[in-house]
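The next block holds one structure in the form of structure tokens; read it before the comments.
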């Protein structure tokens, strides 16, 4: 199967070149989608691509977690424990690769480049198991860098996903989007407490609260117990504020490496919830060090 992935990426690169040429000679940019994507995977340029399901860097300073306030505001994101994450994710057959980086050009130019690449590689990526490509841009909530690129691709085949992002030709093609190589990390769906799914709230602008960090544990079972208690305790309150999904993922090799998306249909209450001192204390306790927390909004970039 891996050989077919490499053939698809080679075709993607050829289409990438043709797509860019077409865009440079056309007054109209490539058609906009509802949220998404660079050639099968979220524009993964360059060197860090394809960390093979291991959740890459362990989360930098943030505000402490994902939705939920100490006991009452929903535990989303920030905590979580990866229980038997690797096996749970494999059983569910849901895997994601997340790409985060600084765009090389202005937003309009970057969109044209991205959309040409995404449309050119969509067929090959889907054939390898890429079910969805959702590109977003940074908001200004919680200290997020405005217009920072973030995207995730959802896959049903972990090995194909990793091979796709590690392919040198793919990395070279997508490097055109970024000022420096982006952070590219792969994860498996976990058995941590959750609600909703990655499609929740579709049809309008959605706000993804990205939380990335390493859970304390010391074991995955301990981390799961702590995460689930906070998440269940705050679920009703954050749902009332606009949180429609809490979707945790973990590293395949290290299930204490944690990535979570909380999806909101309104950004009106995000800052109030995530800066609440009780919330920060409850979720901060789940991590070895403060996690990275950022807020991205879905875009009209090409997606599937």
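The values are calculated or read from the model by the stated rules, or taken from the named source; none is laboratory data. Everything numeric here is computed off the predicted structure, so don't read it as measured data. Because the Cβ atoms are built from the backbone with ideal geometry, glycine has one as well, and the counts that use them run over all protein chains shown.
With assigned to a helix (DSSP H, G or I), in contact with a strand residue (DSSP E or B) (Cβ under 9 Å, 6 or more places away or on another chain), at negative phi and modelled with pLDDT of 95 or more as the only criterion, which of 110, 87 stands out?
110
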Subset of the range 221-246 (residues that are farther than 18 Å from residue 270 by Cα and surrounded by 24 or more Cβ atoms within 10 Å (Cβ to Cβ)):
223, 224, 227
Which of the following residues is surrounded by fewer than 19 Cβ atoms within 10 Å (Cβ to Cβ), within 19 Å of residue 202 (Cβ to Cβ) and out of contact with any helix residue (DSSP H, G or I) (no Cβ under 7 Å at 6 or more places or on another chain): 254, 300, 267?
300
From the set of residues in the range 241-281 that are assigned to a loop (DSSP other than H, G, I, E, B) and in contact with a strand residue (DSSP E or B) (Cβ under 7 Å, 6 or more places away or on another chain), which is farthest from residue 184 (Cα to Cα)?
276
Testing residue 284 on (1) in contact with a strand residue (DSSP E or B) (Cβ under 8 Å, 6 or more places away or on another chain); (2) surrounded by fewer than 24 Cβ atoms within 10 Å (Cβ to Cβ), one condition comes back false. Which one is that?
(1)
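Confirm whether residue 208 is out of contact with any helix residue (DSSP H, G or I) (no Cβ under 9 Å at 6 or more places or on another chain) and either more than 20 Å from residue 122 (Cα to Cα) or in a strand (DSSP E or B) (or both).
So residue 208 fits the description; yes.
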